[in-house]
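Everything on this sheet refers to the single structure shown next.
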Amino acid sequence: MTAFSAIHDERESDKDDFTPGVEPQPTWCPGCGDFAVLKALKGAMPELGRSPEEVLLVTGIGCSGKLSSYFESYGYHAIHGRALPVARASKLANPGLEVVAAGGDGDGYGIGGNHFMHTARENHDMTYIVFNNEIFGLTKGQTSPTSPKGHKSKTQPSGSAKDPVRPLTLSLASGASYVARTAATNPRQAQQILAEAIEHDGFAHIDFLTQCPTWNKDAKEYVPYTDVQQSDEFEFDVEDRREAADMMYEAETKLYEGEVLTGRFYVDSDRPSYGEEKRATGEMPEEPVAERYFAEDAEWERTADQLVERHK
Amino acid sequence: MTDRTLMWRISGGSGDGIDSTSQNFAKALMRSGLNVFTHRHYPSRIRGGHTYVEVRAADEPVRSRGDGFNFLLALGDSFARNPDDEAYYGKEELKPLYEHFDDLNEGGVIVYDEGLLDEADVTETDLQAEADENGWHVYPMDLRGIAREHGREVMRNTAGVGATAAMLDIDTGYFEELIRDAMSEEVAEANVETLDAGYEAAQEFEFTHDLRVPEGSHDTEQALMGGSAAIAYGALDAGCRFISGYPMTPWTDAFTIMSQNLPQFGGISEQVEDEIAAASLAIGASHAGVKAMSGSSGGGFALMSEPLGLAEMTETPVVLLEAMRAGPSTGMPTKPEQADLEHVLYTSQGDSCRVVFAPANVREAYEQTRKAFELAYDYHLPAIVLYDQKLGGEMRSVPAEFFDREPDPDPGAVLTEDEIAEAAHDNSGKYKRYAFEGENGVNPRSIPGQEGGRFLATGNESQEVGHITEDPNHRTMQMNRRLEKLDHIREELDDRERSHQTYHGPADAEHGILVWGSQQDTVFEAVDRLNARGTEVKALGVSDLMPFPELEVTAFLDSVEECLVVEMNASAQFRGLVQKELGRFGPRMTSLLKYDGESFEPGEIVEGFESSIERSQPPAGNMRIVPASGD
């Protein structure tokens, strides 16, 4: 008997189930790449047989953070940079939930960088979508961690002196077991990659290139793009860390030279997720902890029985 | 304090086994029928550095450290960095001896390890002159030699306990029992031999002191409980099954106890990258339906400010601990202070909507932690247990039956799927988790995974299902609804049979003392002494800090002519809170403040009280008397 009957529900769902009946007017600008993330997510969930109420979508702050307003599921719109720690604890509390976290490049690679590194390292079974538009959008166009060197903005009037973050390499080094990059301009690939990431048993990180037509007019629209799996030009083993690292380095560098390389960059299907690791050490129960509070016959341990004796 | 009180100190370097030895010593005396209380003093160092624990034991109740002490077991610091040179911090090896000269009462007893401490060095400390002047009884013993001969050198502490037993006439059987319970047979055997050898060696002396351990008995079996354990047990019995944290002294104690016990209680502990994550994880686990907590000390709690506000705005229940230490910044990591009061009440942007309790002692620590969980989950807000190194680290004997309690795993204001089906939804099927009207300001929550319960939790201001809004009317309704919860919590707390506030002393006394948190019991002992010598005074110990117990504090201040407000900080934060909350009584209040890293002794409060009432010379030591500003 579960208190959460939406979880593992076999019912069929479609795109519309993930679309709010009373849809708030999106705050995204016309032509914004964020629409593509929403669409891909709405497409991937029914493809995998998920229903809205077994999904918890945790978002950060920024244009990307509004995703949870336009996607029909349980949502948690957290604070800037902190979507990951909220999301991963929800997964530990109730592993049956399909947990997806999302935020922008400032959110994930800047202010929340520490959480990104550690959540990847721990390999929580969840999906993390980073809307990478190489700019701070909602605060009106400041230089972001992924803005190219030399990028001029109101806060970097002479051009950024910093090299951009390398998100794929950072993810791999931190311990993510699925690393991909896709682009808003490639909706078919985006949905496929999202579906794979959600299915993946471990931390799946997607660097999602989302063009910002308002604040980053100079940036490429991320076309034309190349799928590294489809192209004959690139030969590498996606399961080999070293080859993956080389491929990532190349893709990150080429992005700033105008060549958009997308696809799966690293996949490790063997590494156990954090939940599995923690259960193996005996530090996490087999049954979801959240269920216990609703089970009428649950027996609760007493400190008087187990702990007070040693104080006597 | 009577002459039937033993105040025994064991001092040495960090790593010399001071903590474990003192715990066993206290437990042995407790088992022998005495009431015990321990006071812990340690440096921010792993090895070496002067550390001591004081065990106070009497046949009558003990609720505080005493004034000074009457028996010193000085092991010397075997980890001293510069045993031969004059170190920057003074002669480190000798510190555990000479640093106690100021506090040792007249007629006190000193046993020191002459095996470790060089005779010439000891002579330089003026021990002899001090002993003559104060009537001390000094017994140098080669504890190191005894330990080497019968066990191993690290058992110097056990040899010292044996010597103490001989000098105070304590049955070593209690110690032997504890040793055998805790250690492997071989190690236990060596320790027992060392214990006995220490006992016998001490009997070589002709005792000149009168001090003996009192005899006592308990009506009911006792438990030796520390503040951090009481908080952790309160949380476990409240059904808490998730903790996330990052180490920081002194909160680490409670975090460790939870982490060590959660697996067999079917729960989860997470040590994470920082305190921002720690608080955020607790929020995430709670959002998914688990009773969860986090915590830290001042600096780490500062990092929790933003998630704390998120919990207030999203109405996610969570319990946070804040174990204060002397600030600002890194301050004095192992020393107590009560200077984070305003930090905890107001940190995070926007208007505060949280519960803050500051328990007085181990019983209240257990009780109020349970209550914090109950209120957090019934009213969907953060509840904070504010304590300090003093309460966290001190141990006292408490009737074991006090802890014989049923757990309370009630998840609070939560809907089942059947109830969700009956609840109000918007046209798209979202549950109105944040409906503008809620009973006592509360809308019960649905939990992710429940059929029909989907909603959006957001740190933005929101409409009824969670969509972001900036509509002025919606905003005002939601703010009013959230803040209304505090009024209902105050009513609920006022209606309780037992208030969290503690009254002590004759009700008609014209002089009052106000005190909060961990200093309460020390003040109560001072109140007893003042009344015993004919000064009528009463005290109110406050534990509820938010929502503030306006009625109780008003009635108390109305009933006295003058009131001394005792707290361990420099800016009289609690007195300021009283003035802010009540808007009057300023001219009636005077603060007694201390912020030197040492908690008050009862005698200091007596002295401070008298000098404030008599307007006489300022109190000695590091205390300050500061009148309140008028209203």
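What about B:Met324, is it hydrophobic (A, V, I, L, M, F, W, C), open to solvent by 10 Å² or more (accessible area, probe 1.4 Å) and either more than 13 Å from every other protein chain (Cβ to nearest Cβ) or more than 30 Å from B:Glu567 (Cα to Cα) (or both)?
No; evaluated as a whole, the condition is false for this residue.
(1) open to solvent by 50 Å² or more (accessible area, probe 1.4 Å); (2) assigned to a helix (DSSP H, G or I): which one isn't true of B:Asp210, the others all being true?
For B:Asp210, the exception is condition (2).
Out of segment B:458-485, which residues are touching an Asp or Glu at 6+ places or on another chain (Cβ under 8 Å) and facing chain A (nearest Cβ under 7 Å)?
B:Ile468
Go through the residues of segment B:177-198 one by one and say whether even a single one is within 14 Å of chain A (Cβ to nearest Cβ), open to solvent by less than 30 Å² (accessible area, probe 1.4 Å) and closer than 20 Å to B:Thr38 by Cα.
yes
For segment B:347-393, how many residues are of a type in the set (Asp, Glu) and within 22 Å of B:Gly300 (Cβ to Cβ)? So that I can check it myself, show each step before the final result.
Taking segment B:347-393 and keeping what is of a type in the set (Asp, Glu), we get B:351, B:364, B:367, B:374, B:378, B:388.
From what's left, within 22 Å of B:Gly300 (Cβ to Cβ): B:388.
Here the count works out to 1.
Keeping to segment B:480-522, report how many residues are open to solvent by less than 30 Å² (accessible area, probe 1.4 Å) and under 27 Å from B:Glu601 (Cβ atoms). Before you say what the answer is, go through the steps one by one.
Taking segment B:480-522 as the starting set, the residues that turn out to be open to solvent by less than 30 Å² (accessible area, probe 1.4 Å) are B:481-482, B:485-486, B:489-490, B:493, B:500-501, B:509, B:512-522.
With under 27 Å from B:Glu601 (Cβ atoms) added as a condition, the list becomes B:500-501, B:509, B:512-522.
Of the residues in that region, 14 qualify.
Out of curiosity, is B:Phe455 over 30 Å from B:Asp340 (Cβ atoms) and open to solvent by less than 20 Å² (accessible area, probe 1.4 Å)?
Details: over 30 Å from B:Asp340 (Cβ atoms): yes; open to solvent by less than 20 Å² (accessible area, probe 1.4 Å): yes.
Considered against the rule, which asks whether it is over 30 Å from B:Asp340 (Cβ atoms) and open to solvent by less than 20 Å² (accessible area, probe 1.4 Å), B:Phe455 comes out as yes.
List the helices (runs of 4 or more DSSP H) that sit entirely inside segment A:192-299 and contain at least 2 residues that are in contact with a strand residue (DSSP E or B) (Cβ under 9 Å, 6 or more places away or on another chain) and over 28 Å from A:Cys32 (Cβ atoms).
A:241-255, A:274-280
Here are the criteria: (1) at pLDDT 95 or above; (2) open to solvent by 40 Å² or more (accessible area, probe 1.4 Å). Tell me which single one A:Leu261 does not satisfy.
It fails just one condition, (2).
Would you call A:Pro272 free of Cβ contacts under 8 Å to residues at least 60 places away in the same chain and not hydrophobic (A, V, I, L, M, F, W, C)?
no
Given the criterion out of contact with any Lys or Arg (no Cβ under 9 Å at 6 or more places or on another chain), under 24 Å from B:Lys371 (Cβ atoms) and open to solvent by less than 10 Å² (accessible area, probe 1.4 Å), identify the matching residue among B:Ile268, B:Ile243, B:Ile257.
Details: B:Ile268 fails: out of contact with any Lys or Arg (no Cβ under 9 Å at 6 or more places or on another chain); B:Ile257 fails: open to solvent by less than 10 Å² (accessible area, probe 1.4 Å).
Only one candidate passes the filter, namely B:Ile243.
Given the residues B:Glu552, B:Glu567, which is the only one that is acidic (Asp, Glu), within 24 Å of the chain's Cα centre (by Cα), farther than 18 Å from B:Val626 by Cα and at pLDDT 95 or above?
Result: B:Glu552 is the single residue among B:Glu552, B:Glu567 that is acidic (Asp, Glu), within 24 Å of the chain's Cα centre (by Cα), farther than 18 Å from B:Val626 by Cα and at pLDDT 95 or above.
If you take the residues of segment B:397-437 that are small (Gly, Ala, Ser) and more than 26 Å from A:Leu57 (Cα to Cα), which of them is nearest to the other protein chains (Cβ to nearest Cβ)?
Ranking the candidates gives B:Ala400 first.
Taking segment B:523-581 only, how many residues are touching a residue at least 12 places away in the same chain (Cβ under 8 Å), assigned to a loop (DSSP other than H, G, I, E, B) and open to solvent by 20 Å² or more (accessible area, probe 1.4 Å)?
6
List the pairs whose first member sits in segment B:169-198 and is modelled with pLDDT of 95 or more, whose second member is basic (Lys, Arg) and surrounded by 18 or more Cβ atoms within 10 Å (Cβ to Cβ), and whose Cβ atoms are under 7 Å apart, counting only residues at least 6 apart or on separate chains?
B:Tyr174/B:Arg31; B:Leu178/B:Lys27
Go through segment B:143-176 residue by residue and tally those that are surrounded by 19 or more Cβ atoms within 10 Å (Cβ to Cβ) and in a helix (DSSP H, G or I).
Pass one, segment B:143-176, residues surrounded by 19 or more Cβ atoms within 10 Å (Cβ to Cβ): B:143-144, B:146-147, B:150-151, B:155-168, B:170, B:172, B:175.
Checking the rest, the ones that are also in a helix (DSSP H, G or I) come to B:143-144, B:146-147, B:150, B:155-168, B:175.
Residues meeting the conditions: 20.
Is segment A:281-290 home to any residue that is open to solvent by 40 Å² or more (accessible area, probe 1.4 Å), in contact with a helix residue (DSSP H, G or I) (Cβ under 6 Å, 6 or more places away or on another chain) and charged (D, E, K, R)?
yes
Is it the case that segment A:119-128 has a residue that's among the aliphatic types (A, V, I, L, M), within 14 Å of chain B (Cβ to nearest Cβ) and touching a Gly at 6+ places or on another chain (Cβ under 9 Å)? Working first, answer last.
Kept after step one, since they are among the aliphatic types (A, V, I, L, M), are these residues of segment A:119-128: A:120, A:126.
Those still in the list that are within 14 Å of chain B (Cβ to nearest Cβ) too: A:120, A:126.
When the remaining residues are screened for being touching a Gly at 6+ places or on another chain (Cβ under 9 Å), the result is A:120, A:126.
Yes.
Restricting to segment B:287-314, what's the tally of residues that are within 22 Å of B:Asp253 (Cα to Cα), aliphatic (A, V, I, L, M) and open to solvent by 10 Å² or more (accessible area, probe 1.4 Å)?
Residues in segment B:287-314 being within 22 Å of B:Asp253 (Cα to Cα), aliphatic (A, V, I, L, M) and open to solvent by 10 Å² or more (accessible area, probe 1.4 Å): 2 in total.
Of all the residues that make up segment A:1-18, how many are buried (at least 16 other Cβ atoms within 10 Å of the Cβ) and more than 27 Å from B:Val290 (Cα to Cα)?
The number of residues fulfilling the criteria is 2.
Looking only at segment A:75-93, how many residues end up being open to solvent by 10 Å² or more (accessible area, probe 1.4 Å), facing chain B (nearest Cβ under 7 Å) and in contact (Cβ under 8 Å) with a residue 24 or more places away in the chain?
1
Residue under question is A:Arg181, and the condition is that it be among the charged types (D, E, K, R) and open to solvent by less than 70 Å² (accessible area, probe 1.4 Å); does it hold? Step through it out loud before you land on a result.
Values: among the charged types (D, E, K, R): yes; open to solvent by less than 70 Å² (accessible area, probe 1.4 Å): yes.
Considered against the rule, which asks whether it is among the charged types (D, E, K, R) and open to solvent by less than 70 Å² (accessible area, probe 1.4 Å), A:Arg181 comes out as yes.
The values are calculated or read from the model by the stated rules, or taken from the named source; none is laboratory data. Keep in mind that what you see is a predicted model, and the values were worked out from it rather than measured. We place every Cβ from the backbone using ideal geometry, glycine too, and count neighbours over all the protein chains shown. The protein model used for the area step is the full one, side chains on, heavy atoms only, and it has no ligands, DNA or RNA in it. Shrake-Rupley method; radii C 1.70, N 1.55, O 1.52, S 1.80 Å.
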